[in-house]
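Worksheet: the structure to be examined is printed underneath.
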């Protein structure tokens, strides 16, 4: 981490050239960051890592938690869904909370609550208690994530912001990949309770350090006297219902379920009420007028697309490796850790390249590289080994930072400091919504495409086909040599499994192609990006 910080001096990477008169003014009044503030900031980054990690850390251990809590397969998914629903609901409120409580108190309170809930999750005695504790844990964890982005663009001088953005980007993009890997490893060598207990010591340390050293702003207690409870209610109900529909829709066959229909109607009504109130009230909880800033709106759209790619691929890769390759959690971790390693490696060069190419070309390079790596992942077969998976992930992982750095810069670089807290919540919300919507669409397409591919393959495997007879004869001979009592039936079952496997391969390959197309199409938005010096007094996004 220290090497990353040192790379900012003496000639740190910047994304655009500032006019001389503005540069002179900036140099004259440039902020200085004290050692205490550095300590507080990196404590925040580590706390955010814990919060993002816990979104996915239970993904590879749900079966063990299910057995311990005596839950059904459908019920246990709420251990993950409850966290996501609560996290998404609180993220847009974090800007208002940061202004009211200050970043110092908000982060310390959030991290403390997150740590306590981690302990209670490990002590959960049944499914309802686990779901309740996970929801509250997600509530506290969600408030931590946007706070780090806001502090990055308010604490540090302009010359250090790109470097600090790289540090934050590494955490945000590596943590979701590391979650299932670490979760599978801890569950295998210890217990599922360890997934939550590992948060205790670092959580306490982060709470204490941020409380002591994080001095960025002062609380505005007056905001607590004019709390818009109706606005908060509309936001929580809208986002909570929306994420519930997206998470549970596939399992409930979408609108064939009365529950999904009900929450869809609730989300629609609450969404309309929320937009009307937040756009018309004098002191909104979430200032949606920030989207009038063109760069901020386009940056949020890119964040949404990045969320689709990140979360969908994190979901697809383990499924492919488990169902097609038959790998366990540790083996899957060895495959997908390549992405994280190349993300880390790119952090040491992305700043210099961005300085030479500028933000537009840097972003275009990142989107193209991410799309190319995803496209390469869509041309695999069941015989593909480690190295066939290595290079697509290497390209995709290396490209991620080339997306994240210019997206963050264009999103926050033209906003006045007083608007960054509110904007950070909206920006992170868009990424999470992109992930939720991307996963819902991916799941739906996976079911539909799998049925279609299986139907095509089943038609090709006809009794009169020479290829089918040769394959079936070979299987019968193999099982006969193995002294199975009914080699013919065993051969038919194996043939059925082979067809299912090939249907899985074709399905996931098609989904990788679709995701690659999304990133290639995103290149068409590059000309819309405008890079300008940070605003100093213009409210940009206000009415």
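The values are calculated or read from the model by the stated rules, or taken from the named source; none is laboratory data. Because the structure is a prediction, the values reported are computed rather than measured. Please note: Cβ atoms are built from the backbone with ideal geometry, for glycine as well, and neighbour counts cover all protein chains shown.
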Checklist entry - Counting only residues that are surrounded by fewer than 17 Cβ atoms within 10 Å (Cβ to Cβ), in a helix (DSSP H, G or I) and more than 24 Å from the chain's Cα centre (by Cα), which one in segment 163-215 is modelled with the lowest pLDDT? => result 188
Checklist outcome for this item: All conditions in (1) farther than 24 Å from residue 180 by Cβ; (2) modelled with pLDDT of 85 or more; (3) under 17 Å from the mean Cα position of the chain (by Cα) are true of residue 374 except (1)
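Here are 238, 255, 229: which of them is more than 25 Å from residue 62 (Cα to Cα) and under 24 Å from the mean Cα position of the chain (by Cα)?
Every option except 238 fails the conditions.
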Checklist entry - Yes or no: residue 331 in the same structural domain as residue 394 (by TED's automatic domain parsing), free of Cβ contacts under 8 Å to residues at least 24 places away in the same chain, assigned to a helix (DSSP H, G or I) and at negative phi? => result yes
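Which is crowded, with 17+ Cβ neighbours inside 10 Å and not in a helix (DSSP H, G or I), of 380, 367? Let's see the steps before the verdict.
On the way: 367 fails: not in a helix (DSSP H, G or I).
Unique residue meeting the criteria: 380.
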Checklist outcome for this item: If you go through 94, 61, 82, the only one that is crowded, with 21+ Cβ neighbours inside 10 Å, closer than 18 Å to residue 190 by Cα and assigned by TED's automatic domain parsing to the domain that holds residue 186 is 61
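Answer yes or no as to whether residue 338 is surrounded by fewer than 22 Cβ atoms within 10 Å (Cβ to Cβ), within 20 Å of the chain's Cα centre (by Cα) and not assigned by TED's automatic domain parsing to the domain that holds residue 180. Please lay out each step first, then the result.
Values: surrounded by fewer than 22 Cβ atoms within 10 Å (Cβ to Cβ): yes; within 20 Å of the chain's Cα centre (by Cα): yes; not assigned by TED's automatic domain parsing to the domain that holds residue 180: yes.
Considered against the rule, which asks whether it is surrounded by fewer than 22 Cβ atoms within 10 Å (Cβ to Cβ), within 20 Å of the chain's Cα centre (by Cα) and not assigned by TED's automatic domain parsing to the domain that holds residue 180, residue 338 comes out as yes.
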Checklist entry - Out of curiosity, is residue 422 in the same structural domain as residue 513 (by TED's automatic domain parsing), within 17 Å of residue 288 (Cβ to Cβ) and crowded, with 22+ Cβ neighbours inside 10 Å? => result yes
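Here are some residues: 158, 104, 134. Which one is in contact (Cβ under 8 Å) with a residue 40 or more places away in the chain, outside any helix (DSSP H, G or I) and surrounded by 19 or more Cβ atoms within 10 Å (Cβ to Cβ)? So that I can check it myself, show each step before the final result.
On the way: 104 fails: outside any helix (DSSP H, G or I); 134 fails: outside any helix (DSSP H, G or I).
Testing whether each residue is in contact (Cβ under 8 Å) with a residue 40 or more places away in the chain, outside any helix (DSSP H, G or I) and surrounded by 19 or more Cβ atoms within 10 Å (Cβ to Cβ) leaves just 158.
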Next on the checklist: Checking the structure you have, find out if any residue of segment 224-236 is in contact with a helix residue (DSSP H, G or I) (Cβ under 7 Å, 6 or more places away or on another chain) and at pLDDT 90 or above.
Outcome noted: no
Checklist entry - residue 410: surrounded by 22 or more Cβ atoms within 10 Å (Cβ to Cβ) and at pLDDT 80 or above, yes or no? => result no
Item to check | Extreme residue, nearest to the chain's Cα centre (by Cα), among residues of segment 383-423 that are under 21 Å from residue 350 (Cβ atoms) and in a loop (DSSP other than H, G, I, E, B) | outcome: 413
